Amino acid sequence: MASELQRLVDSLGSRLNRSVAIDDPAIRLLAYNAHSGDVDDVRIGSIMRRSVPREVVDYIYGLGIRESRDLFTLPAQPELGMSVSRVVMPIRHEDALLGFLWLMLSDGPVTSEHAETVRQAATSAAVILQREYLLGELARGRERELVRDLLAGDEALRVDAAARLVEEDLIVAGPAIALVVTVEPHDERPVGDKDRLAVAVGLDHGRRRLPARQAIQLQRPDHGLLVVADPGRSAVRDLITLGSAIHRRVLAEGGYIPTECQVGIGEPRGVLADVHDSYREACKAAAVARVTRVLGSVVCSSELGVYGLLADLPPQSLEQGLHPGLRRLLALSNDGNDALVATLEAFLDNAGDVKQTAAQLCLHRASLYYRLRRIETVAEIDLANGDDRLVLHLGLKVARLVNLR
């Protein structure tokens, strides 16, 4: 597709004697030619990063170009880095939007003759993009099928799936590692379509940061998976950087939706067929990160420490090991009075910093001190005692692990 689109762009640019670019529906650059006139920061950034900032996308969409069926003028917006006005032609196959064809008005006005030539080029681009979309859907469907087999319990099925993924040129052979992305809505609603879309966009964003054939992905109902091949070329910090980029993109894509996101990273495996073990580790890391809320949003399985050990224990044993004072506090919380438990957790998460805890809870310090004394009375503990603080802090995390909170 890239070569066909590029030939189309080069031909159109030569005929019109001006710069031309084609983006996909998310305003990610697909092809462009040399610039003869002035360009702005947005165009330069698009060429360098193959995408534009979210606020630019929002501005462009806000003008209604997704609904347009013909040439559309996009006014300059200098505060967003768009100092040059543009003319855009939506690229459509039947009614489906496949992308946009852009002209910079710094190259001069678009005449009626130019406009007709651009419309014809957009029709040709639609044929190319639609064909690639259909071929891509077939490839993505095959990839999803093989990745599901790669995670199966049957060893023979995993080995066969790994071999086919390599043979069909979907990923390179060698060591592999799994990254798992989960989302958690704040309002306790189930994970919905918008959440899953945000995860899918985040996975795709992470995949695009890697060389071709170095990653494959799979979307599941409540999480997403990215399998990265040959992680030996990347230090742990590079994988954390990748996970952080995915995390930021998921939250940005979610926009107004109040959602938390966690990225778990498993341990590398020597061959692709064994990446299912890394996948389980990544799932566990993401789950523990969501529960404990003290390890950050991007967590490696190797960094779980005591929380990883606790997550492996039977829930019944963990529940039986809770401090009796904490049990009393949790009982109050279950009766609808969760202020004491929330206060205790904030106080312990902030290492006993009263000023920071009061600010976090929007409490006057006198009110915070009253709650802390009440906690000591109910739980029969002393918050000035380091052992008591440790037992309670760990107990709160355990309570989350066993769904008591």
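The values are calculated or read from the model by the stated rules, or taken from the named source; none is laboratory data. The shown structure was predicted, so the numbers you read here are calculated from the model rather than taken from an experiment. Ideal geometry is used to build each Cβ from the backbone, glycine not excepted, and the neighbour counts take in all protein chains shown.
Key figures
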item	result
Hits in the stretch 97-134 - residues which are in a loop (DSSP other than H, G, I, E, B) and either under 29 Å from the mean Cα position of the chain (by Cα) or in contact (Cβ under 8 Å) with a residue 40 or more places away in the chain (or both)	GLY108
Test for GLU168: is it in contact (Cβ under 8 Å) with a residue 12 or more places away in the chain, of a type in the set (D, E, K, R) and in contact with a strand residue (DSSP E or B) (Cβ under 7 Å, 6 or more places away or on another chain)	no
Matching residues, the stretch 382-405, being farther than 14 Å from GLU345 by Cβ and outside any helix (DSSP H, G or I)	ASP382, ALA384, ASN385, VAL402, ASN403
Complete set of residues in the stretch 57-110 that are small (Gly, Ala, Ser) and either closer than 23 Å to ALA34 by Cβ or not assigned by TED's automatic domain parsing to the domain that holds LEU29 (or both)	ALA76, GLY81, SER83, SER85, GLY99, SER106, GLY108
Residues (crowded, with 16+ Cβ neighbours inside 10 Å and among the aliphatic types (A, V, I, L, M)) located in the stretch 23-39	ILE27, LEU29, LEU30, ALA31, VAL39
Filtered residue count, the stretch 355-381, keeping only those that are under 21 Å from GLY395 (Cβ atoms) and loosely packed, with under 14 Cβ neighbours inside 10 Å	3
Tally, over the stretch 1-22, of residues that are of a type in the set (Lys, Arg) and surrounded by fewer than 16 Cβ atoms within 10 Å (Cβ to Cβ)	2
Count - residues of the stretch 40-60 that are in contact (Cβ under 8 Å) with a residue 40 or more places away in the chain and surrounded by 18 or more Cβ atoms within 10 Å (Cβ to Cβ)	3
Considering residues of the stretch 295-340 that are at pLDDT 85 or above and hydroxyl-bearing (Ser, Thr, Tyr) only, the residue surrounded by the most Cβ atoms within 10 Å (Cβ to Cβ)	SER301
Subset of the stretch 138-150 [more than 11 Å from ALA273 (Cβ to Cβ) and in contact with a Leu (Cβ under 8 Å, 6 or more places away or on another chain)]	ALA139, ARG142, GLU143, ARG144, LEU146, VAL147, ARG148
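Here is a yes/no grid of residues against (1) touching a Leu at 6+ places or on another chain (Cβ under 9 Å); (2) not assigned by TED's automatic domain parsing to the domain that holds VAL180:
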| residue | (1), (2) |
| --- | --- |
| ALA273 | yes, no |
| LEU295 | yes, no |
| GLU345 | yes, yes |
| ASN350 | no, yes |
